[in-house]
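Okay, structure first, notes after.
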Amino acid sequence: FLIWNLYSSATLMKVMTMKSAAGLTAKQKLEPLNNLIDVYRLATLMKSIIIKIRHRRLNSLCLILYIVIALSISSCINQTDVDKAKELNKTITDTLPTEELYDFSVSYSENGIIKFVISGPVAFNKPDKKILEFSEGFEAIFYDINMQEKSFLKADYGINYENEKIMKAHTNVILTNYVTKETLNTEELIWDQNKSVIYTEKFVKITTETDVIYGENGFESDETFEKWTIKKPSGDFLIKEE
């Protein structure tokens, strides 16, 4: 019985080798699938051989033979088939349709806690690029760990890059911190969630309870908009004496 099974395995390997060497055929697109079916059949066959042989030495010999044959099979799947599979996957990914969301509201959570909620009239979700675009503007409310509103952001345009964890707001950008009662006005604002910072190189205006401060070269802040630094500041503001 063992000799018969080994003979069948050798015959199967020969058939697979002939398939690989035959070059392109009319069934070329099905070659990767056929090879995988052959692999599965051979693996099942060799597994049954090992189970039915009870002697330890013969069992070890069959295990070694199984590994050698499995490695040989992997070489039968040529690089052309692999490249075609990758190209097909890329084509499918690139042709995923863009989703349109109207009067949307999207919540973003971390460890089960809602960090912020974005809403707006329309958004375009691009699954292939992991991008959510707010072409007609958006509003975002940020929450603390107690689900209390902490700050508010709005702009005429926005885009969120899910993979990079970067969100950009453009045109008439307004950021308000409800705790410190400070408001930022600018034309562009970038939120880097990886670094937990918000920043811009554009002109900014920050209004506090007592001052109005301008920054010609932008500003940088923590993502809570509580600790910030203005680049090249100007304006009328109080300086505390120590």
**Fill in**
By residue number, the members of the range 182-197 that are within 15 Å of Ala155 (Cα to Cα) and either modelled with pLDDT under 95 or basic (Lys, Arg) (or both) are Trp191
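For the range 115-130, which residues satisfy the criterion of being of a type outside the set (Phe, Trp, Tyr) and at pLDDT 90 or above? It would help to see each step written out before you state the result.
First pass over the range 115-130, keeping only residues of a type outside the set (Phe, Trp, Tyr): 115, 117-123, 125-130.
Answer for the range 115-130, where residues must be of a type outside the set (Phe, Trp, Tyr) and at pLDDT 90 or above: Val117, Ile118, Ser119, Gly120, Pro121, Val122, Ala123.
Please work out which residue is farthest from the chain's Cα centre (by Cα), limiting yourself to the range 118-150 and to residues that are of a type in the set (A, V, I, L, M) and buried (at least 16 other Cβ atoms within 10 Å of the Cβ).
First, pick out the residues of the range 118-150 that are of a type in the set (A, V, I, L, M): 118, 122-123, 131-132, 140-141, 145, 147.
If we keep only those that are buried (at least 16 other Cβ atoms within 10 Å of the Cβ) as well, we get 118, 123, 131-132, 140-141.
On the way: Ile118: 19, Ala123: 19, Ile131: 10, Leu132: 12, Ala140: 22, Ile141: 24 Å.
Residue satisfying both the conditions and the ranking: Ile141.
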**Request:** Scan the range 206-217 for residues that are surrounded by fewer than 15 Cβ atoms within 10 Å (Cβ to Cβ) and either part of a loop (DSSP other than H, G, I, E, B) or out of contact with any Asp or Glu (no Cβ under 9 Å at 6 or more places or on another chain) (or both) and jot them down.
**Result:** Thr208, Glu209, Thr210, Asp211, Glu216, Asn217
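The values are calculated or read from the model by the stated rules, or taken from the named source; none is laboratory data. Just so you know, these numbers come straight off a predicted model, no measurement behind them. Quick reminder, even Gly has a Cβ in these numbers, built from the backbone with ideal geometry, and neighbours come from all protein chains shown.
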